Amino acid sequence: MKNEFIVVADSESARLLRRDSDTDPLVPIETLRHDAGRGGPEAPPVSDRPGHGSADHHSGGVSFQPRTDPKRREEERFAHRLAQVLEQGVARGEYRLLSLYAPARFLGELKSALGPAASKALRLAVDLDLMPYGLDELERRIANVLSSHAAHGQASPG
């Protein structure tokens, strides 16, 4: 069994990595992309017209739905897709610990979308955008986060 999945993500892509201990090198597993989040041709058509329609089907009543930003909806979809992948990984025994690194808004979406098994495996959830960095820089920055958390008693080494 692999010890830990490390997920480095933003609202458009996620890099899945693994390692067997905090001192082992990161091993890239897969990169997931959500092209619809970029507004490309794969993006589903959405309407941003607020409040049109009735939710209560009674005569004379009009209910206005809160406006949801299409980009935000796509972020939610990607977070749910990624959470399913992580939940399946736990179910298959691919890892026992999970660490997430993402910007705050996407991190919140992803954490709320995690299933029970992935939530239980969650070791760290860090508001940090690491997507622009290569593997060597990821190693360095993640090691800094782990040493900082360990110094403050917030993380138990795997």
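Condition (residue is modelled with pLDDT under 95 and more than 20 Å from residue 131 (Cβ to Cβ)) applied to region 98-116: is it met by at least one residue? No - not one qualifying residue is present in region 98-116.
Only one entry in 42, 4, 76 is acidic (Asp, Glu), at pLDDT below 95 and within 13 Å of the chain's Cα centre (by Cα), namely 76. Under the condition of being over 18 Å from residue 146 (Cα atoms) and under 12 Å from the mean Cα position of the chain (by Cα), the residues counted in region 120-133 number 0.
The values are calculated or read from the model by the stated rules, or taken from the named source; none is laboratory data. All of these numbers come straight from a predicted model, not from anything done at the bench. Positions of Cβ are generated from backbone atoms using ideal geometry, with glycine treated the same way; all protein chains shown enter the neighbour counts.
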